[in-house]
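The values are calculated or read from the model by the stated rules, or taken from the named source; none is laboratory data. Please read these numbers as outputs of a predicted model, since none were measured by experiment. Virtual Cβ from ideal backbone geometry, glycine too; neighbours counted across all protein chains shown. Calculation scope for accessible area: heavy atoms of the full protein, side chains included, ligands and nucleic acids excluded. Shrake-Rupley method; radii C 1.70, N 1.55, O 1.52, S 1.80 Å.
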Amino acid sequence: MTAAVTAQAGTAAPPLTRIRRRGRPRLSGRLLASLILLVMAAAFVIPLLWVILAAVNGDPNQGIKIMWPHPFTLDNFKAVMTPETTYIPLLNGAILCIGGTLITMVCATLAAYPLSRYRSRLKRPFLVTILFSTGLPITAIMVPVYGLFVQLAIDDSIPATMVFMATTALPISIWLTKNFMDGVPIELEEAAWTDGASPMRGLFRIVMPLMGPGLSVVAIYTFIGLWGNFFVPFILLLTPEKQPMSVTIYTFFGQYGQVVYGQLAAYSLLYSLPSVLLYLVLSRRLGGAFAFGGGVKG
Amino acid sequence: MAATWAEVRPTAPPVGRTRRTLLRGLPIAPSVVLLVVFLAGPIAYCIYAAFTNMSLTGQVGTQFVGFDNFTRAFTDPAFLNSVWLTVVFTLVSAIIGQNVVGMVLALLMRSGYAVARALTSAFVIGAWVLPEVVAAYLWQAVLGPDGSWNSVTGFFHLPPQNWLFTTPIIAVSIANIWRGTAFSMLVYSAALSEVPRDLEEAALVDGAGRFRLLTSITIPLVRRTIATNLMLITLQTLSVFGLIYTMTKGGPSEKSMTLPLFAYNQAFVSADLGYGTAIALLLLVIGGIFSVIYLRILSKSEPIR
């Protein structure tokens with residue numbers, strides 16, 4: 001016993017220096033980690049680099065290698081920015097996604113209020129069902145959804161597609177909105193209730209203004225998801241004049257043989273721009289951390 | 001919905017209980033209507049159609065055929081091939097690719113310099129923010145016969161080739177790793193930031209090596225996050241359609257035909273709606289099982305209130 005103690009005491013001095021050396025990452029460790037990070041960053045940036053360089057490359061024979069644009073030009077953008085390839089699909093996409101986001105937000109906020117404020121024995125099963133359906137592969141139900149749309153004669157309709165897209169985003173939005181709403185203290189509303197305000201008035205006048213940042217996060221997240229959605233409009237919207245950019249990029253570049261890569265790259269950039277800009281707004285709001293799916297933390 | 005919506009704290013006097021509870025549940029109605037019509041409806045329809053010989057061209061002569069579509073599926077080599085490809089795609093791109101690369105990035109982020117960290121996360125998240133069809137075209141370009149990928153593999157003396165043609169399932173897996181890694185990276189970064197530093201330092205003092213520290217302290221501490229993340233990325237990967245469809249259309253000769261594409265092809269290309277929905281139903285059931293496991297892990301760490 002005492003031997004062990006003295007033995008420990010005897011070796012107490014060297015580990016102290018090790019603590020100092022290893023407790024913080026050592027210089028060489030940091031350098032090595034940074035180097036590996038940069039190598040991985042390079043692997044991730046290759047396709048991004050290609051799309052940016054190819055979009056401003058005026059060489060008509062340019063293939064799909066990464067090369068310095070020669071001559072530098074904006075003609076690729078000019079070539080694709082026509083009503084039928086860019087402006088109409090952009091407008092369709094905006095109608096679909098802004099409309100879809102609005103429907104989602106109105107429904108999710110309304111649904112989140114009772115879920116956050118009242119107790120009920122139906123609440124937990126409802127929330128479990130909501131969370132369960134966030135995991136379901138929407139891809140799998142597109143075949144029956146198409147069948148349903150044909151039977152109801154609402155296929156190839158922008159409003160119907162918009163409502164369907166809103167529904168696919170609804171489960172995760174209800175879940176996130178409810179979690180944000182739980183963060184708003186109930187005391188403020190109770191004061192309003194005693195003054196005679198109805199719960200709905202409390203929601204619009206007190207809760208919603210207080211959770212503005214949270215609501216905008218859910219809205220942006222929903223919009224980005226809808227904007228990137230290819231499969232749903234691809235199945236449900238058949239007329240080219242009704243399709244959003246996600247489908248137009250496929251029908252315009254995917255089906256007609258020889259691809260003009262410069263134009264494809266320019267179009268990809270135009271189509272991605274709203275997602276990228278909104279993500280930047282989102283990351284500002286969140287400061288980096290994001291509770292995906294309402295709780296991936298362990 | 002007509003059940004009791006009691007307040008978290010009783011403030012208002014109890015008047016007309018049933019009417020009040022109905023009134024309180026009312027705001028949920030629009031969501032319930034949408035979810036029932038457009039989500040539960042199609043799922044019910046899917047279950048019904050999977051047991052019929054419904055075809056795309058007309059509703060005339062649709063008959064109930066029992067389990068025929070399912071017995072047909074399990075003896076159909078094309079279906080079994082598609083199941084195998086889905087397993088490979090999920091394993092390579094999600095369980096191994098996104099998960100491991102995401103974890104490695106998150107771990108390195110803890111000790112790298114700020115510049116390297118900022119640059120890496122910008123590129124990785126950039127890949128994630130781009131719409132999936134754009135990601136598909138970028139990788140089609142990079143993996144094509146004249147693409148940059150051949151410059152990389154050429155460095156290791158591999159002959160230049162069209163990777164979309166020779167190993168299409170690997171090509172789409174690489175694209176999916178590129179696109180999806182950011183999610184795992186962000187999730188793991190958040191989890192690792194909550195690992196107490198003094199615990200790791202104590203292990204180092206006790207003489208643990210860096211690798212031992214990782215396997216015995218750090219990873220076990222975030223194991224729940226790993227489990228949840230694996231479920232989520234598996235679910236996301238199971239439903240990938242646009243990426244593969246745009247890159248390879250499931251080809252060449254069905255070598256990248258995962259289940260979502262197979263169901264789509266059966267229903268819309270072969271006009272065999274019954275068989276297509278049966279495949280879709282199987283996919284839905286697989287997704288449902290993973291979703292239930294995910295819920296169980298989640299409610300253990302954080303009760304759903």
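The table below gives the values:
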| item | result |
| --- | --- |
| Residues located in region B:249-259, provided they are among the hydroxyl-bearing types (S, T, Y) and within 13 Å of chain A (Cβ to nearest Cβ) | B:T258 |
| Condition check for B:L232: at pLDDT below 90 and either open to solvent by less than 10 Å² (accessible area, probe 1.4 Å) or not in a loop (DSSP other than H, G, I, E, B) (or both) | yes |
| Within region A:268-283, considering residues that are at the interface with chain B (Cβ under 9 Å from one of its Cβ atoms) and under 13 Å from A:M81 (Cβ atoms), the one surrounded by the fewest Cβ atoms within 10 Å (Cβ to Cβ) | A:L269 |
| Among the candidates B:V92, B:V133, B:V124, B:V65, residue that is away from chain A (no Cβ under 14 Å), open to solvent by less than 40 Å² (accessible area, probe 1.4 Å) and in contact (Cβ under 8 Å) with a residue 12 or more places away in the chain | B:V65 |
| Residue in region A:136-190 that is surrounded by the fewest Cβ atoms within 10 Å (Cβ to Cβ), counting only those that are more than 20 Å from B:V32 (Cβ to Cβ), within 18 Å of the chain's Cα centre (by Cα) and touching a residue at least 24 places away in the same chain (Cβ under 8 Å) | A:F180 |
| Unique residue being over 14 Å from the mean Cα position of the chain (by Cα) and either in a helix (DSSP H, G or I) or within 21 Å of A:T251 (Cβ to Cβ) (or both) when the list is B:G274, B:G288 | B:G274 |
| Yes/no for A:L286 being modelled with pLDDT under 90, closer than 18 Å to B:W128 by Cβ and more than 9 Å from chain B (Cβ to nearest Cβ) | yes |
| From the options B:T237, B:T246, residue that is out of contact with any Leu (no Cβ under 6 Å at 6 or more places or on another chain), more than 9 Å from every other protein chain (Cβ to nearest Cβ) and hydroxyl-bearing (S, T, Y) | B:T237 |
| Subset of region B:260-298 (residues that are of a type in the set (S, T, N, Q) and at the interface with another protein chain (Cβ under 8 Å from one of its Cβ atoms)) | B:T277, B:S291 |
| Residue that is in a helix (DSSP H, G or I) and away from chain B (no Cβ under 11 Å), where the choices are A:V145, A:V217, A:V163 | A:V217 |
| B:T215 vs. criteria more than 7 Å from chain A (Cβ to nearest Cβ), surrounded by fewer than 24 Cβ atoms within 10 Å (Cβ to Cβ) and under 13 Å from the mean Cα position of the chain (by Cα) | no |
| Unmet criterion (only one of (1) modelled with pLDDT under 90; (2) part of a helix (DSSP H, G or I)) for B:A208 | (2) |
| Residues of region A:113-149 that turn out to be among the β-branched types (V, I, T) and modelled with pLDDT of 85 or more, as a count | 5 |
| Elements of type helices (runs of 4 or more DSSP H) in region A:52-137, at least 3 residues being closer than 26 Å to B:S291 by Cβ | A:88-117, A:123-135 |
| Candidate set: region B:252-279, residues that are open to solvent by 10 Å² or more (accessible area, probe 1.4 Å) and small (G, A, S); chosen: the one farthest from B:L91 (Cα to Cα) | B:A271 |
| Where B:K249 falls short, out of the listed (1) assigned to a loop (DSSP other than H, G, I, E, B); (2) touching a residue at least 40 places away in the same chain (Cβ under 8 Å) | (2) |
| Complete set of residues in region A:93-127 that are more than 9 Å from chain B (Cβ to nearest Cβ) and open to solvent by 50 Å² or more (accessible area, probe 1.4 Å) | A:I95, A:I98, A:L102, A:P125 |
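Table: residues versus (1) β-branched (V, I, T); (2) free of Cβ contacts under 8 Å to residues at least 40 places away in the same chain; (3) assigned to a helix (DSSP H, G or I).
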{"residue": "B:M185", "(1), (2), (3)": "no, no, yes"}
{"residue": "B:Y188", "(1), (2), (3)": "no, no, yes"}
{"residue": "B:I217", "(1), (2), (3)": "yes, yes, yes"}
{"residue": "B:R224", "(1), (2), (3)": "no, no, yes"}
{"residue": "B:I244", "(1), (2), (3)": "yes, no, yes"}
